[in-house]
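Before any comments, here is the structure.
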Amino acid sequence: MYYFDTHAHYDDAAFDPDREQLIKDMYDFGVKKIINVGADMQSSLNSIKFAEKYDFFYAAVGVHPYDAVKMCEEDVKMLQKYCKNYKVVAVGEIGLDYHYEDIDRDKQCYWFEKQLELAEITGLPVIIHTRDADEQTYKIIEKSGVRCGVIHAFSGSAELAQQYVKLGFYIGVGGVVTFKNAKKLVRVVEKVSLSRILLETDAPYLTPEPYRGKRNNSQNLQYVAAKIGEIKQIEPNEVIKITCENAEKLFL
C-alpha cells in the first residue's frame, strides 16, 4: 500500500532550497507515485524532465486558464509533441477560472476547448481546473467528447460532483477537506463513492490542517486520507488503498 499524489507542482520555486532531499523523504515515507502537473508551457516541460529524472514521477502537460489567454496554435502543437513522451499521463491542468474579471473569458474558453481536443486526439485523461466557473466548465466538457479525467481541487456542490461522475470523471480531494469551513466539500465526500475520489495535494499549495499556511508536500496526504476516512467512517488505510487503485486505473 502506498500514496499516489495525483496533483503536485514540485518544479515550483518554493521547493528550490531542499527539493532533492524532500523528494527522497517522500518516497521513503510511502509516496510511491506523483504526477507533476503543468500550468504553462515551461512547467509542462519541467514536469516531463522531473518524470524522466525520478522513476516514481509522472507528468501532465497543459496550460492553466490564466496563462491560456496568451496561447497560440504553436503551443498546442508543442503540447501534442509532449504528449508522446512515455511518462506523460494526462493533459492538464486546463479549464476555466473566472475569479478575476480582467482575464479574458472568451480566450479561456477557446483554449480550454482546444486542449480538450488535444486530449481527445491523444487519448489521455484530463486534469480540470475550475474556479467560479462551474456552469460554463461543465457545459464545455459535456459538449466535448472527453469522458475521462479528474476535476482538480473540487469546489462545487455534491450534485455537480455526481454529474461529473456520471460523465466518467473522478473528483480530486486535497487539503481543503480538512479546513473548518469546508462543509460543502465534506458533503461532496459523503455523497460521492470512494471509487470515484482521488487524493491530491496541489503542493506547495492548499496545505491541510494542522499545517495550513505552510508549504505543502505529498507526505500531507496522510491528513487528507484521515479526514476522508472520518467522513466515510472507514479506516484511512482503506482510503489510501482505494484512491491509489483509482489513480492507477485513470492514469496508468
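Just check the stretch 76-192 against the gyration tensor rule for me: Cα atoms, a ≥ b ≥ c as the square roots of the eigenvalues, rounded for a/c under 1.5, and otherwise prolate or oblate depending on whether a/b exceeds b/c. The shape class here is prolate. What whole-number distance in Å separates the alpha-carbon centres of the stretch 88-159 and the stretch 173-199? Their Cα centres are 20 Å away from one another. For Ala226 and Asp18, a Förster radius of 30 Å and the Cβ-Cβ distance give a FRET efficiency of 0.75, rounded to the nearest 0.05. If the reach is capped at under 20 angstrom between alpha carbons, list the aspartates and glutamates near Lys180, excluding any in the same chain fewer than eight residues apart. Within the straight-line limit of under 20 Å, Lys180 reaches these aspartates and glutamates: Glu190, Glu200, Asp202, Glu209, Glu230. Shown in residue order for the stretch 105-114 are the 3J(HN,Hα) couplings computed by the Karplus curve 6.51 cos²θ - 1.76 cosθ + 1.60 at θ = phi - 60°: 6, 5, 5, 4, 4, 4, 6, 4, 4, 5 Hz (x for Gly and Pro).
The string of couplings for the stretch 228-239 from the Karplus curve (6.51, -1.76, 1.60, θ = phi - 60°) is 4, x, 4, 5, 7, 6, 9, 6, x, 4, 5, 4 Hz, one whole number per residue in order, with x for Gly and Pro.
The H on the amide N of Val31, modeled in the peptide plane, is under 5 Å from the matching H of Tyr3, each at least 5 residues off or on a different chain.
Of all the C-alpha pairs in the chain, what % are more than 29 Å from each other? In whole percent, the long-distance tail amounts to 23. Straightening the chain between Lys49 and Gln163 buys 37.5 nm, computed as 0.36 nm per residue apart minus the Cα-Cα spacing.
Quarter the surface of the alpha carbon convex hull of the stretch 143-227 and you get the mean projected area, 5.6 square nanometres. The loop-placed trypsin sites (Lys or Arg not before Pro) in the stretch 22-105, going by DSSP, that have at most 13 neighbouring Cβ atoms within 10 Å of their Cβ come out as Lys70, Lys84. Remark: relative contact order (the stretch 37-110) = 34 percent; criterion is Cα-Cα distance under 8 angstrom and separation of 6 or more residues.
Taking each residue as 0.36 nm, the span from Arg147 to Met1 lengthens on full extension beyond its C-alpha to C-alpha distance by 49.8 nm.
Each label point was placed 7 Å from the Cα along the Cα-to-Cβ direction; for Asp104 and Tyr86 their separation is 4.0 nm.
In loop segments of the stretch 79-143 as defined by DSSP, the chymotrypsin sites (Phe, Trp or Tyr not before Pro) with at most 12 further C-beta atoms inside 10 Å of their C-beta are Tyr86, Tyr100.
Bear in mind these aren't lab numbers, they're just calculated from the coordinates by the rules spelled out. A quick note: this is a predicted structure, and the numbers were derived from the prediction, not measured. Ideal geometry is used to build each Cβ from the backbone, glycine not excepted, and the neighbour counts take in all protein chains shown.
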